[in-house]
Amino acid sequence: MKKVALVTGCSSKLGQEIASLLNKRGYVVYGGFTKSQRQDQSLPYVPLKLDVTQDSQVKVAVNHITRLHHHLDVLVNLAGLTLIGPTLSFSPRDFSHLLDVNVIGPFRLSQAVLPLLAKSQGLIVNISSLSGFFASPNFGLYSASKQALNTWGTIAAIELKRQGVRVVNIAPGAIKSNIPVSFSSHKPARSVVPLLGQLLPLTTTQEVAQKVAQVIDQPPSHPLVLVGRDSYLLYYLQKFLPAS
């Protein structure tokens, strides 16, 4: 019986990388998209229309997997939203939507697939961020959402252990992207201090995907797993240096 994985956010390069790697490892992979995508035999995953903020779409997707496979081995909660700018420049509706995508969405989907994961003694992987433990100006709302995701994931790891379901939060550093990002009121640290680009190189999508595979093969003892030099550095510095 083939193992089955569901990866949300497969419209992103990282989502495609994770789905492709799992496919190479023999999984039947379902890739969630917020917009329907035509079936393409060349894709290493089966596209599923899946907006994690919509109960109806989550139900349809889970029912589809249940009907065809009756189990699920891995859920990767990747779908996410980023807001960049002064915290109070956004509306309550903006913040609410961010939390719905980044926190409630993974919760909603994890709850829906729990019976399938329990049957296979499966794994939930939450793709978090270094912002989940290191808050910085202009990323306040995003950081709040990722800290909430980390906290929920940590507690879920304890609570679901008795059902045989593991939960891991993977926190990458800044990820390299070929898509230009426009910043209205924020200058990335690496553009302000070019030396940082050499000292703290951007994390690649391949590194994150490989970490997902490693977590599947070798369950970590702690529910938070770091990826990228900047993630490791900031995680330990913020424990010992003054906030200033």
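The values are calculated or read from the model by the stated rules, or taken from the named source; none is laboratory data. Bear in mind the structure is a predicted one, so any value in this text is a computation, not a measurement. Please note: Cβ atoms are built from the backbone with ideal geometry, for glycine as well, and neighbour counts cover all protein chains shown. With ligands, DNA and RNA removed, areas are computed over all heavy atoms of the protein, side chains included. Shrake-Rupley method; radii C 1.70, N 1.55, O 1.52, S 1.80 Å.
A few points about this structure:
- Residue within segment 18-26 that is farther than 25 Å from GLY164 by Cα, modelled with pLDDT of 95 or more, crowded, with 17+ Cβ neighbours inside 10 Å and within 21 Å of the chain's Cα centre (by Cα) present: yes
- Scan of segment 157-175 for residues that are part of a strand (DSSP E or B) and either open to solvent by 40 Å² or more (accessible area, probe 1.4 Å) or aromatic (Phe, Trp, Tyr) (or both), ordered by number: ARG166, ILE175
- Filter result for THR8 (open to solvent by 60 Å² or more (accessible area, probe 1.4 Å), in contact (Cβ under 8 Å) with a residue 12 or more places away in the chain and of a type in the set (Ser, Thr, Tyr)): no
- From PRO115, PRO92, residue being surrounded by fewer than 17 Cβ atoms within 10 Å (Cβ to Cβ), in contact with a helix residue (DSSP H, G or I) (Cβ under 9 Å, 6 or more places away or on another chain) and without any contact (Cβ under 8 Å) to a residue 12 or more places away in the chain: PRO115
- Some residue of segment 184-199 being open to solvent by 40 Å² or more (accessible area, probe 1.4 Å), more than 22 Å from LEU83 (Cβ to Cβ), charged (D, E, K, R) and modelled with pLDDT under 95: no
- Residue among TYR236, TYR232 that is at pLDDT below 90, within 27 Å of LEU21 (Cα to Cα), open to solvent by 40 Å² or more (accessible area, probe 1.4 Å) and among the hydroxyl-bearing types (Ser, Thr, Tyr): TYR232
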